[in-house]
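Inspection log for the structure reproduced underneath, given as structure tokens.
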Amino acid sequence: MNTYYRFLRAFALLAVLSLCALTSLLAQNEIVPNPNAILLRNVWMVQGQPGEKVGAGLGSVGDINNSGADDFAILNGNDGQWQVFVDSQGVRLHTPTWTFDSGAGVPWRPVVGDFRGDGNVWVGFTRADIRLIKDVPYYTARLFFYEQRNGLGRQEEPVAVLNTATNQDSSSAYPWEILVSDIDADGDDDLLLVFGSFLRKGARTAKAEIWIYEGGPNFQLDSPSVVLKDTQENYSDFNATIGNLDGDPYPDILIAGNYYDGIPATYPVRMKFWWGKSQLSNLSTNPDYAVEFSDPDYPRISFALPFLPLFDADGDHIAEFMLPGADGAWYTYNMGAVEKNPHNRAFTLADADNRYVGYTGAYKVGYLNDSLRRYEMVGRLGGGSPGGDARLVLLSGGKFGANPTYDSYYSASDDGLQSGNVFAAGATIPNCRGTGWDCYLTGNGSWGSNNQGIVVLLEGGTYIPTDDTTSTVQEISTQEHPAAFHIWPNPVRDELYIAWRGDLKNPPSLLVVYDINGREVVSGAVEAWRGEVLWRCADVSAGTYFLTIYNTNGTMIASTTIIKQ
């Protein structure tokens, strides 16, 4: 147990700012382990029965039971059933509190948003409908929304339903992706349904459309407020994502896929952008900018087009993403790069801002080791696990972007489980343990020899051993939170751990220990983003001491008694 704690301490105390200076924008950054890299802590897990395909989809649903920890849903891929799991009194339940019979996968996560802007969050799940047209099955979708504040599981009827069959005269319209974002930055979420193809009045088209339902007090699902239209037929592997790509206050939309061009047929890969505006009605109907990837000057994106997660590893609030090259490396495009206009970037290999080798893909995992939420970690997939299965490594962010030295890792075989890839679906779960820190939920419906499927919740932030009855963890309250700080063990012999929540708006800056006569014994500045500090006190005389915690303004925010043995 002591060795395990030391590894967890290493993760919590990693310095995300101590990054190597980049000698050039395209320096070859080989991804290697930090000597102190730790195995991420598995704090909750569900394995399916043969054929269940548990973990085909998953995602956060917010804190639906007001326990102080965010909850989540996972998809049983065999029967298309969503199951909601909650945290109750600090314990994550393994029995679902509510189920929704979907019969569909896409989207592979719940749809969550404050669409009316009143703080009443809606949680949506999709149900597929089949229509036979000339004995050929076609699909449409109904999106059922339930109110988070009423507690999922106590609602027999949805608060609203969107039916794609009644929108835009579509005989067959099933979304390839569903996105939620406040596109016009007016304080409420907008709903985006992304379609790759349609059947309308017996004619099929593969010109993608994005239906946007504008949020606000009059939010409605009868018809889209705005429809964005692609101008070319896509062929396969069509994807869409949304984020701040140009630095203004408004999120932007990115689509990418293989396209179909003429006879003889060619299938070029293209990315296309819509730039956000202050009003949805001002969005361009057709894409504002498009780029085609053609060898050898561009990344080698083939028919197996990767999903394009956007992340902010350098803390500038402008998105970055990674694309694969024919050389096996992955190229980073930082849309906030100085002296590069995101509205006309070339996206060639030479235009990339960094190059990473040694691992594949890019996974958005959240702020797992930065309580100030400045630098997102970036996940990369590779090998090196005991069982030879896929291992996810996490790179810390910093002002230069993702650090090529990874700080934590996880695979099924590293965790003593049956070897196999557990990273087909993933989602950040904010405050999953009620400590203010992000966690990462990952799963794969195809895991296991009989497609049992698996879902694993990986803990971020500081590990507080509340599950260890020998550690005597003590909570310290502040005006902000009744358990803002934790200390252990107390009484202490050699080392006292001091940890704090990951979401404190009034974080610590200075810690001072006084003796019973008010004399200072030790003091030290702390970096709030770390979430933890250690007082080594083996040489301090036995007795009673007072730990006092100050914020950045020098104001005392907490104090407690320490017994030194």
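The values are calculated or read from the model by the stated rules, or taken from the named source; none is laboratory data. Everything numeric here is computed off the predicted structure, so don't read it as measured data. A quick note on method: Cβ atoms are made from the backbone with ideal geometry, for glycine too, and the neighbour counts reach across all protein chains shown. Accessible surface areas use protein heavy atoms only, side chains included; no ligands, DNA or RNA. Shrake-Rupley method; radii C 1.70, N 1.55, O 1.52, S 1.80 Å.
Here are some notes:
- Efficiency of FRET between residue 536 and residue 418 - r from beta-carbon atoms, R0 41 angstrom, step 0.05: 0.50
- On the basis of the beta-carbon distance and an R0 of 41 Å, residue 118 and residue 263 show a calculated FRET efficiency of 0.15.
- Near residue 406, the amide H atoms lying under 5 Å from its own belong to 32, 34; only residues 5 or more places off or on other chains count, and H is placed 1.01 Å from N.
- Label reach from residue 527 (point 7 Å along Cα→C-beta): in region 373-387, amide nitrogens under 15 Å belong to 373-377.
- Using C-alpha pairs under 8 Å with a sequence gap of at least 6, the mean separation divided by the residue count of region 343-489 gives a relative contact order of 15 percent.
- Available extension along the chain between residue 49 and residue 156 is 35.7 nm, counting 0.36 nm per residue and deducting the alpha carbon span.
- The simple spin-label model puts a point 7 Å past each Cα toward its Cβ; for residue 285 and residue 135 those points are separated by 4.0 nm.
- Calculated FRET value between residue 205 and residue 32, using beta carbons and R₀ = 45 Å, to 0.05: 0.40
- The fraction of Cα-Cα pairs per 20 angstrom bin, counted from 0 for the chain, comes to 19, 52, 25, 3, 0 percent, rounded to whole percents.
- For the pair region 30-88 / region 231-256, the C-alpha centres are spaced 27 Å from each other.
- Base-10 log of normalised Debye intensity for region 466-535 (one unit scatterer per alpha-carbon) at q = 0.22 Å⁻¹: -1.11
- Accessible area ranking (1.4 Å probe, heavy atoms, ligands and nucleic acids excluded), largest first, for 516, 476: 516, 476.
- Once the 1.4 Å probe is applied to the protein heavy atoms, the chain comes out at 41 Å² accessible per residue.
- Beta-bridge orientation, the chain: approximately 95 percent antiparallel, per DSSP, counting only bridges with both partners inside.
- Each residue was assigned an accessible area with a 1.4 Å probe, and for residue 174 the value is about 40 Å².
- Residue ranking by accessible heavy-atom surface, 1.4 Å probe, largest first, among 207, 201 comes out as 201, 207.
- With helices as the sole contributors, the chain gives -500 deg cm²/dmol at 222 nm; each DSSP H run of n ≥ 4 counts as -39500 (n - 2.57), and the sum is divided by every residue.
- Once Rg and the Kirkwood radius are both taken over the C-alpha atoms of region 312-441, their ratio Rg/Rh works out to 0.99.
- Percent of Cα pairs in region 193-278 per distance bin of 10 Å, from zero to the largest separation: 15, 41, 32, 11, 1, 0.
- Contact order relative to length of region 504-565, as percent, for alpha carbon pairs under 8 angstrom and 6 or more apart: 36 percent
- If you take the Cα centroid of region 390-444 and the Cα centroid of region 125-161, the two points sit 31 Å apart.
- When the pairs 277/399; 53/505; 229/399; 340/364; 201/277 are compared against a 31 Å limit on Cα-Cα distance, 53/505; 229/399; 201/277 fall above it.
- For the chain, the longest principal axis of the alpha carbon atoms and the long axis of helix 2-12 meet at an angle near 60°.
- Loop-located GluC sites (Glu not before Pro) in region 125-195 whose Cβ has at most 14 other Cβ within 10 Å (DSSP): 156
- For region 320-331, putting each phi into the Karplus relation 6.51 cos²θ - 1.76 cosθ + 1.60 with θ = phi - 60° gives couplings of 10, 8, 10, 10, x, x, 5, 7, x, 7, 10, 10 Hz, in residue order, rounded to whole numbers and with x for Gly and Pro.
- Per-residue surface analysis assigns residue 340 an accessible area of about 50 Å², computed on protein heavy atoms at 1.4 Å probe radius.
- If you sort 486, 481 by accessible surface, 1.4 Å probe, largest first, the order is 481, 486.
- Across the chain, the relative contact order, built from alpha-carbon pairs under 8 Å that are at least six residues apart, equals 14 percent.
- Accessible carbon and sulfur surface of the chain relative to its total accessible area, %, 1.4 Å: 48 percent
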